[in-house]
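What follows is calculated from the coordinates using simple rules that are stated; it is not laboratory data. Please read all numbers here as calculations on a predicted model, not as lab measurements. With ideal geometry, Cβ positions are generated from the backbone for all residues, glycine too; neighbour counts draw on all protein chains shown.
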Amino acid sequence: MKVAFIGQKGIPAKSGGVDIHTENLAYYLTQKEVEVFVYNRKGYLEADLVGIKEWKGVKLITLPFINTKNLAAITHSFLATIDAVIKKVDVIHYHGIGPSLLIWIPKLLRPKTKLVATLHSFDYGNDKWGSFARLMLKSGEKLMCKYADEVIVLTALMRDYLYQRHGRDSVVIPNGAKAELIERSKMLEILNNFNLEEKKYLVSVSRLIRLKGIQYLINSFKKLKEEGRVGNDYKLAIVGDGEYENELKELASNHPDIIFTGNQSGSSLTALYAGAGLFVQSSEMEGLSISLLEAMSYALPVLASDISANKEAAAGTAKYFIPKDETDLLLKLEDLLRKEDELAAMGEKSRQRVEEFFNWETISIKVLNLYKKVLEKI
């Protein structure tokens, strides 16, 4: 079986939920004798990886794109779609509503190719997009529902939305997560480079965009420190980058205990997860947060915004605060840090939940069975 993944920036993933999702799914499918083609954007890979055509058994195809905010994803996805049609793959799997704008092309040019699309998030809710871009993203959602042989959603809430809004049935297959091992000495060395002490910092991992709510976390953390509340001996590590980064740094006002690490991957990201005392996920809106699931896989206790996607991910293993409410976030932070002896137990429950419900092996089997189902259709 030949399957093409379209919609990601590339793998090995540097950051971003879609890239991390496709990296793991492609790897696990390859272990099941599926030939997976992943389309990378030109210039995505680090210098020492440029030119590689295969990664852990996954076939990598690098294509150019128009490097502007509104055209990057769609131009790369267009070239990838044409290439996948030429390769006569069995299944084209579109990741996201933006790339799904093009799902009609293989339907027209090669009807034998089966089409699967995953709704990762409602991207038109991101305020970085203008009115025309939002219209296109909403159109992508409609076309996904109209032309895909099967639609995958990450949560039951997404499934209900697609049925109510578009009358489209879909299959719930969530994101997954898996903790990576790291030697303690290596972890401490990395933390020291960021001026962090094991178990004495909060960590947030996300794209730095307004919807991720990092501004509320920064303000609440500053009050925690200024008012001498319980937990004021902690630091805050903000992991990631994005268009809102400069505003967040200005908001932090060079606070010595707020550490912006930039985007991290590999052993550096592993160390930041493994060494943290508490993971905070402050988003206003999510699909199904991979960073939240990854934190849980490292047995990190979690404080998250009280939104449906977070509760579907963490259920009763996390503590929640009212979204966008800095006062409630501050009180919940202080309450958790007052109970340091309970944090380890919270984290262990999180780890067990990931192992049971968000296991990549199980997820990849479900996706493979879905591919087989669509290929059986005449």
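Which of SER308, SER297 has the fewest other C-beta atoms within 10 Å, and how do the rest follow up to the most?
SER308, SER297
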| query | How far apart, in nm, are two points set 7 Å out from the Cα along the Cα-to-Cβ line at LEU79 and at GLN31? | reply | 3.2
| query | How much of the DSSP beta bridge set in the chain is antiparallel, as a percent to the nearest 5? | reply | 5
| task | Please report how far the C-alpha centroid of the stretch 300-378 lies from that of the stretch 154-207, rounded to the nearest whole angstrom. | result | 8
| note | Measuring from the longest principal axis of the C-alpha atoms of the chain, the long axis of helix 131-147 (C-alpha) lies at a number of degrees, nearest 10, equal to 60
| field | Flagged links, alpha-carbon separation over 30 Å, of LYS9/LYS199; LYS138/LYS223; LYS200/LYS324; LYS138/LYS349 | value | LYS9/LYS199; LYS138/LYS223; LYS138/LYS349
| query | If contacts are Cα pairs under 8 angstrom and at least 6 residues apart, what is the relative contact order of the chain in percent? | reply | 15
| said: With equal scatterers on the alpha carbons only and no solvent term, can you work out the Debye log10 of I(q)/I(0) for the chain at 0.10, 0.13, 0.14 1/Å? | reply: -0.63, -1.06, -1.22
| task | Taking amide H positions as placed in the peptide plane 1.01 Å from N, state which residues far from VAL172 in sequence (5 or more) or on other chains have amide H under 5 Å from it. | result | VAL153
| task | Give the angle, between 0 and 90 degrees and rounded to the nearest 10, that separates the Cα long axis of helix 326-338 from the longest principal axis of the Cα atoms of the chain. | result | 70
| query | Can you work out the FRET efficiency for the pair ILE365 and ARG110, with r the C-beta to C-beta distance and R0 = 25 Å, to the nearest 0.05? | reply | 0.40
| Helix 184-193 axis, angle to the chain major axis (alpha carbon atoms, nearest 10°) | 80
| request: Apply the Kirkwood formula to the stretch 184-357: the hydrodynamic radius equals the inverse of the mean of 1/r over all pairs of different alpha-carbon atoms; give it in Å with one decimal. | output: 15.8
| request: Take the alpha carbon atoms of the stretch 209-281, find their center, do the same for the stretch 1-42, and report the distance between the two centers in whole angstrom. | output: 29
| request: Pull up all non-local amide H partners of THR62: gap of 5 or more, or a different chain, and H-to-H distance under 5 Å with H placed in the peptide plane. | output: ASN40
| task | Quick one: which residues, 5 or more positions from GLY242 or on another chain, have an amide H under 5 Å from its amide H? H modelled 1.01 Å from N in the peptide plane, none for Pro or chain starts. | result | LEU208
